[in-house]
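Written out below as structure tokens is the structure these notes cover.
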Ligand SMILES: Cc1cc2nc3c(=O)[nH]c(=O)nc-3n(C[C@H](O)[C@H](O)[C@H](O)COP(=O)(O)OP(=O)(O)OC[C@H]3O[C@@H](n4cnc5c(N)ncnc54)[C@H](O)[C@@H]3O)c2cc1C
């Protein structure tokens, strides 16, 4: 399957006759999801150029906000904090928050916990030989800036990171949590450790030569390159950059 992105389906609405300004991403709205050119019009979801990513949960969130603002006057502003995205590949690739590159560009002080987890029990017991993570943690405060996961149930575990980030739960709290074992989410503790774990990446792409691994790596690289975009937005997962370098080298 190739997802080539999508466009808001607004062309045949003749919005110009109602003085509703639009742009490529949809109806131009302010922070209250109200048209910037016609205050009687509100927009939400894929049809709105709101700045939020075009995803189902975001459309629901914006829809609820529009209803509130319509009924009670403008009082709710859109906040797009820690919205997880998933590429439903095998294994899934999930991401929330900042990429390492964007955290560096913003000159933030953070450390990066990362590991290739194909030797961890959670991957081995389902014979997954292509898995890893990268978590960005602010120095000093232990706030989580971003998490990028590849592996079994990454699509579920990313929600825990999203919740932690949205609720400002610190990495230390995750590290000390007692979680059911053996579950994939119990790996959360290890991915939130203080020390920089950086072992085994070199083995990626060298030792694992099964066709499935190659396929997963290839797919991941295409995501990194932005050539696949199932949800209309590029998946920013720095860990893929690591994999790309190693695949290129080998
Ligand atoms: C292939 C694909 C895969 C995706 N995968 C994911 C995913 O895994 N996770 C995720 O979160 N998001 C995913 N999305 C994005 C998600 O589907 C959209 O962001 C979401 O559906 C947007 O909701 P919406 O209500 O704004 O628009 P829609 O869900 O498109 O709903 C708009 C509705 O309005 C109707 N309509 C259009 N014009 C008119 C008109 N003139 N009069 C009356 N009705 C009209 C349409 O028929 C439609 O029912 C995917 C999208 C695609 C295309």
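Computed from the coordinates by the stated procedures, all read-outs in this text should not be read as laboratory data. This structure is a prediction, so every number in the text was calculated from the model and none was measured. As a convention, Cβ positions derive from the backbone with ideal geometry for all residues, glycine included, and neighbour counts pool all protein chains shown.
List of remarks:
- When peptides 71-82, 143-154 are ranked by their average number of other Cβ atoms within 10 Å per residue, the highest-first order is 143-154, 71-82.
- The stretch 118-181: C-alpha gyration tensor shape, a/c 1.5 cut-off, then a/b vs b/c: prolate
- Relative to the current alpha-carbon distance between residue 81 and residue 168, full extension at 0.36 nm per residue lengthens the span by 30.2 nm.
- For the stretch 11-72, the fraction of alpha-carbon pairs lying more than 18 Å apart is 28 percent, rounded to a whole number.
- Rounded, prolate or oblate (a/c below 1.5 giving rounded, otherwise prolate when a/b exceeds b/c) for the stretch 56-169 by Cα gyration tensor: oblate
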